[in-house]
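Chemist: Could you have a look at this structure, given as structure tokens, before my questions?
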């Protein structure tokens, strides 16, 4: 989709009715708004508006991984059975999709990529001089969730960023691991949920004894966490023990219980996957050692759904500016030629300034429906051109999360929406 778009030309339409087979807020609002389309349980297609949001999240994640030294690759979704047998997960991983071709050859649809990335790296790293190294990809994953729920928060097919780091020493691994905690924090801050997302001590699942999750507070969350606001960290209920609290120097009396959604995780893999494939290196003395590994995951679609769950209100979605499909939603109210001419002028000016604008130019839709759709779609800034605004020689603007708007000039609007714009509220007339 281009920087600007006319709502009358979007093939998607908003829906008033709530999907009967969806109980989660994110699925309800994203489907009603025309961001996603449900294909079957746990499987969704991304439509023009939804794809714009997804790509913006993807680019934030990519930017932060590149800054951390990650090298982007794209690994195969079809994975050899023998790789999974080597790690012992062909029969042990209950979410693994197993497929076969007409010749009866079995393979896996990738739910994760340790079984692919390690054999790849075995071809290229042999010496201590090759470390440290981190590679990542942003790719669709497939997991056999028997009861997928919560919309795009938990699906059978989903987009994920998975990074894998490789190290010659524990000290080097721990240094990178600590750096990734900060990198993840930046991702969630840029995506607009940093203020409600906490580094959380958790179980390592099938990977390790313990891990670190990033949990976003929302009543729709699947997990229970205990937050220490003074430290800015949390602990998952699954490891909420005196031993763990002691390690973290956390006091039960200072912890607040919350429901939360996991939006990212990082794991210490040690040699769990390097050893089966004999991924090793030689040190300065020529001695052979196994490679140490870490992995770092963020669900791109899951992050999108989490933003909707955590920030939406009873009117609809509230997108943070960095990941919104458009910067401004321009509404044409009225059929007078003077009003239509002015709205077209504003649309052209915003487009020429390369400001992302969705122009609701639909003539057959009432003002009430346009306002309702604008609230549902959740674009950060609403700009209205009407007989009243034209009479006052301006445009009525209002942020999505504000109750009252104000009228400002076109020049003020352009300045407001540019990257170097002054803070909202410093210009304009009441």
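Every read-out reported here was derived from the displayed coordinates using simple, explicitly stated rules and does not represent laboratory data. In this text, all values refer to a predicted model and were calculated from it rather than measured experimentally. Positions of Cβ are generated from backbone atoms using ideal geometry, with glycine treated the same way; all protein chains shown enter the neighbour counts.
Chemist: Could you please rank 314, 242, placing first whichever residue has the fewest other Cβ atoms within 10 Å of its Cβ?
Modeler: 314, 242
Chemist: With springs connecting C-alpha atoms under 10 Å apart, model the chain as a Gaussian network and identify which of 296, 184, 128 has the largest mean-square fluctuation.
Modeler: Per the Cα network of the chain with a 10 Å cutoff, 128 tops the list.
Chemist: Would you please state which residues of segment 114-132 a label at residue 73 would reach in this model, taking the label point 7 Å out along Cα→Cβ and a backbone N cut-off of under 13 Å?
Modeler: 114-126
Chemist: Distance between Cα centroids, segment 122-146 to segment 353-411: provide it in whole Å.
Modeler: Using only Cα atoms, the two centres lie 46 Å from each other.
Chemist: Ok, one more. Let me make sure I get this right: for segment 91-241, a, b and c are the square roots of the gyration tensor eigenvalues over alpha carbons, sorted descending. Under 1.5 in a/c it's rounded, otherwise prolate if a/b > b/c, else oblate. Which is it?
Modeler: Taking the square roots of the gyration eigenvalues as a ≥ b ≥ c, segment 91-241 is oblate.
Chemist: Ok, one more. Considering only 193, 57, 73, give the residue with the highest GNM mean-square fluctuation for the chain, with springs between Cα atoms whenever their separation is below 10 Å.
Modeler: 73
Chemist: Here is a further query. Taking Cα centroids, how far is segment 210-261 from segment 2-77 in Å?
Modeler: About 30 Å separates the Cα centre of segment 210-261 from the one of segment 2-77.
Chemist: If one takes the longest principal axis of the Cα atoms in the chain, at what angle in degrees, from 0 to 90 and to the nearest 10, does the Cα axis of helix 48-67 lie?
Modeler: In the chain, helix 48-67 runs at an angle near 50 degrees to the longest axis.
Chemist: Can I ask one more? According to the Kirkwood expression over distinct Cα-Cα pairs, how big is the hydrodynamic radius of segment 328-417, in Å?
Modeler: About 12.9 Å for segment 328-417.
Chemist: Also, I was wondering about something else. Between 191, 256, 324, which gets the highest mean-square fluctuation from a Gaussian network model of the chain, Cα cutoff 10 Å?
Modeler: 256
Chemist: Follow-up. Using the per-residue mean of other Cβ atoms lying within 10 Å as a proxy for protection, in what order, highest first, do the peptides 376-384, 11-19 fall?
Modeler: 376-384, 11-19
Chemist: In addition: Rule-of-thumb check for the chain: C-alpha Rg over 2.2 N^0.38 Å?
Modeler: 1.12
Chemist: Let me ask you something else. Using only the Cα atoms of segment 73-124, construct the convex hull and provide its projected area averaged over every direction, in square nanometres to one decimal.
Modeler: With the hull built on Cα positions only, its mean projection is 4.0 nm².
Chemist: Hey, another quick one. Out of all DSSP beta bridges with both ends in the chain, state the antiparallel percent to the nearest 5.
Modeler: Among the beta bridges of the chain, antiparallel pairing accounts for roughly 80 percent.
Chemist: Mind giving me the nanometre distance, one decimal, between the label points for residue 85 and residue 344, set 7 Å out from Cα along Cα→Cβ?
Modeler: About 6.9 nm, to one decimal.
Chemist: For a quick check: sort 84, 90 by the number of other beta carbons within 10 angstrom, fewest at the front.
Modeler: 90, 84
Chemist: From Cα pairs below 8 angstrom and at least 6 apart in sequence, can you work out the relative contact order of the chain, rounded to a whole percent?
Modeler: Relative contact order, the chain: 16 percent.
Chemist: How would you rank 95-107, 147-159, highest first, on the average number of other Cβ atoms within 10 Å across their residues?
Modeler: By packing density, highest mean first, the sequence is 147-159, 95-107.
Chemist: Once a ≥ b ≥ c are taken as the square roots of the eigenvalues of the Cα gyration tensor of segment 1-148, is the result rounded (a/c under 1.5), prolate (a/b larger than b/c) or oblate (a/b not larger than b/c)?
Modeler: The shape class here is oblate.
Chemist: What's the extension gain from residue 409 to residue 369 if we count 0.36 nm per residue and subtract their Cα-Cα distance?
Modeler: Extending this stretch completely gives an extra 11.9 nm.
Chemist: To continue, here is another question. For the pair residue 15 and residue 392, how long in nm is the line joining their label points, each one 7 Å along Cα→Cβ?
Modeler: A separation of 3.7 nm, rounded to one decimal place.
Chemist: Taking the Cβ of each residue in 163, 304, 144, 250 as the centre, tally the other Cβ atoms inside 10 Å and list the residues starting with the fewest.
Modeler: Ranking 163, 304, 144, 250 by Cβ neighbours within 10 Å, fewest first, gives 144, 250, 163, 304.
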